[in-house]
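The values are calculated or read from the model by the stated rules, or taken from the named source; none is laboratory data. This is a predicted model, so every value here is computed, not measured. Positions of Cβ are backbone-derived with ideal geometry, glycine not excepted, and every protein chain shown enters the neighbour counts.
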Amino acid sequence: MGVDSSDGTEEPGWDVDPEDEQGAAVVAALGRQLRAWRESAGMRAADFGAAIQYGEDQVRKVESGKRIPRPEYLDRADEVLNAGGRISAMKADLEQVRYPKKVRDLAKLEARAVEIGSYGNHNIHGLLQTEDYARALFEMAQPPQSSEQVERGVAARLARQSIFERTPGPALSFVQEEVTLRRTIGGTMVLRGQLERLLELGKFRNVAVQVMPTACADHAGMGGRIQVLKFGDGTAVGRSEGIFYGRPVTDPKHLQILDLRYGTIRAQALSPRESLAFIETLLGET
């Protein structure tokens, strides 16, 4: 088998974000450990790279903390250096920083939340997306992303969906604009899979999926997307495109406004039961 001169870490999606101090520190520490293992084995970077089927340049970039190694890089290194699983175990640390910082920050908030409310008017909420639907969204981004960036984004989005496995689960409420259920993102079959996923999640006792009909004459969500996350200690964070400059807010007075808007949107939308029936009808028409 030939040597992979890039291992994929040359792609922008595997760069270390210099503004992500936590991520950069983890990758740098991991790189130092890899170098120590290699040197203890008496291997030069070039020989080690050939042994694990990666280029010498990439080995040096990983060891200097400039690139994020893929999981398979660590598995091959573990085998070649006879580490007995200790290098492969580093994947757990890498898992914490392999995604962009803004995604990790959002995932941490979602993991703490006891209640999440979201109104979406452009596409299906990330927590509800299927893998194919998410990939289609990333692939249509402008400017275009590399294949590695797309796959990294998809993996990060799907990782957040572990929220549905929490026990006890948080109370999750989603109001989706009707157009988001009709737009054939990724094609008809991708949309069908997405509608089926909504029907599946909508049956969870802690999940409410509602549809805001296009024909609804009264609509409190004309200002754009809204999201509110509430935590067990009574604090919360919210955000809306149409108010407070689109920035996250924690001030109780600001949150009260977002709560009012979202509560009104939920009241104007179809009930959860009506919404699931509506989605089943759409699925039959798709």
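Structure above, values below:
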| read-out | value |
| --- | --- |
| Breaking point among (1) surrounded by fewer than 19 Cβ atoms within 10 Å (Cβ to Cβ); (2) in contact with a strand residue (DSSP E or B) (Cβ under 8 Å, 6 or more places away or on another chain); (3) over 20 Å from Arg104 (Cβ atoms); (4) not small (Gly, Ala, Ser), for Val207 | (1) |
| Residue, surrounded by the fewest Cβ atoms within 10 Å (Cβ to Cβ), within region 226-239, restricted to residues that are more than 11 Å from Ile116 (Cα to Cα) and in contact with a strand residue (DSSP E or B) (Cβ under 6 Å, 6 or more places away or on another chain) | Gly232 |
| Pairs with Cβ under 9 Å, 6+ apart, first in region 115-137 and touching a residue at least 24 places away in the same chain (Cβ under 8 Å) and on the phi < 0 side of the Ramachandran plot, second acidic (Asp, Glu) and assigned to a strand (DSSP E or B) | Tyr119/Glu177; Gly120/Glu177; Asn121/Glu177; His122/Glu177 |
| Residue within region 236-252 that is under 24 Å from Phe164 (Cα atoms) and either of a type in the set (A, V, I, L, M) or more than 21 Å from the chain's Cα centre (by Cα) (or both) present | yes |
| Single unsatisfied condition, Leu81 versus (1) in contact with a Ser or Thr (Cβ under 9 Å, 6 or more places away or on another chain); (2) in the same structural domain as Ala236 (by TED's automatic domain parsing); (3) among the aliphatic types (A, V, I, L, M) | (2) |
| Output for region 145-169, where each listed residue is in a loop (DSSP other than H, G, I, E, B) and either among the β-branched types (Val, Ile, Thr) or under 18 Å from the mean Cα position of the chain (by Cα) (or both) | Gln145, Ser146, Arg166, Thr167 |
| Where Thr214 falls short, out of the listed (1) closer than 28 Å to Asp105 by Cα; (2) modelled with pLDDT of 95 or more | (1) |
| Selection within region 51-101 - small (Gly, Ala, Ser), part of a loop (DSSP other than H, G, I, E, B) and under 29 Å from Arg160 (Cα atoms) | Gly65, Gly85 |
| Every residue from region 50-67 that is touching a strand residue (DSSP E or B) at 6+ places or on another chain (Cβ under 9 Å) and small (Gly, Ala, Ser) | Gly55 |
